[in-house]
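Have a look at the structure below before the remarks.
Each reported figure results from applying straightforward, stated rules to the coordinates on display, with no laboratory input. The model shown is predicted, which means the values in this text are computed figures rather than measured ones. Methodologically, a virtual Cβ is constructed for each residue, glycine included, from the backbone with ideal geometry; neighbour enumeration extends over all protein chains shown.
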Amino acid sequence: MRKPIIAGNWKMNLTPSEAKALITELIPLAANAACDVVVCPPFVDLALAVELTRGTSIGVGAQNIHWAPKGAFTGEISASMLKEIGVGYAIIGHSERRQYFGETDATVNSRAKAAIEAGITPIICVGESLAQREGNETEAIVSGQVKAALEGIPAQAVAALVIAYEPIWAIGTGKTATDEQANETVGTIRATVAQLYGQATADALRIQYGGSMNPKNVKGLMAQSEIDGGLIGGASLSAADFAQVIHY
Ligand code: 13P
């Protein structure tokens, strides 16, 4: 059985002092969670987040990672930098990166490979726009994104990584996919992985849902057979709300 994984994507929110307050409040609330719990703060909060969560069950993730080991890439952060401070996860290919910062399927693939090589677990984001859903393109778009993201990554590494299905129209809008819609598309992702790598790899891989997931709708989504967790934006910025989500 797959262990559920719930991660908070703080996006560009919370200064170091605010991060410290939230994590300090979250630690006791997350102590007996039945799922893996991860927080993904902005880069400047990461070292502090790792220190604060040391010895707890909370993991720490970055929100991006560069593919090159080092060099002239102003504004970027390498896998070895993240590894050295103790970061365990990296969100890769979030739709906000794809939409505003020129992220492509090819760069997502390169970043995922760099993370895996460093022993950092990628959380690879995929998802369709509203126009694509309304045009009945969801399946083609999402499975195309999955194939491109995993290109050249061996089965063993695929089994250990995390994919987040985040329909763009559900992000920050308060409009969640229905339980059935989310489960269906997560099922499509798993079928795509099965096609590429075989059923055992597809059955091991954890796939999250993300998009306006909150204390109210988490239970229904987590009851779905294919959904193994959540990638939480807004509701992860309150320790009390995030705690309710992780204790769904
Ligand atoms: P919201 O939960 O704020 O909709 O954000 C979802 C998301 O993009 C997580 O990565």
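Here are a few things to note about the model shown:
- Label-to-label distance for Arg2 and Lys70 is 3.7 nm, based on points extended 7 Å past Cα in the beta-carbon direction.
- Note on Gln156 and Thr104: their simple-model spin labels are 3.1 nm apart, each label 7 Å out from Cα toward Cβ.
- Across the chain, Cα-Cα pairs more than 25 Å apart make up 37 percent of the total.
- Multiplying the residue separation of Thr56 and Gln181 by 0.36 nm and removing their Cα-Cα distance gives an extension gain of 41.6 nm.
- 20 Å reach of a label modelled at Gln195, 7 Å along Cα-to-Cβ, counting backbone N of segment 91-131: 105-106, 109, 124-129
- Percent of C-alpha pairs per 5 Å bin in segment 93-189, short distances first: 2, 13, 24, 25, 18, 11, 5, 1.
- The loop-placed GluC sites (Glu not before Pro) in segment 1-96, going by DSSP, that have at most 16 neighbouring Cβ atoms within 10 Å of their Cβ come out as Glu76.
- Rg over Rh [alpha-carbon atoms, Kirkwood Rh] for segment 48-148: 1.04
- Candidates Ile163, Gln199, Pro28 compared by Cα position along the dipole of the chain: farthest toward the positive end lies Pro28, with charges placed on Cβ.
- Put simply, the amide H of Val60, placed in the peptide plane, has neighbours under 5 Å in Val39, Gly88, Tyr89, leaving out anything fewer than 5 places away on its chain.
- Net lengthening on full extension, Ile27/Glu137 (0.36 nm per residue, minus Cα-Cα): 35.5 nm
- Residue pairs, from the table Lys11/Lys83; Lys20/Lys175; Lys20/Lys83, whose Cα atoms sit over 27 Å apart: Lys20/Lys175
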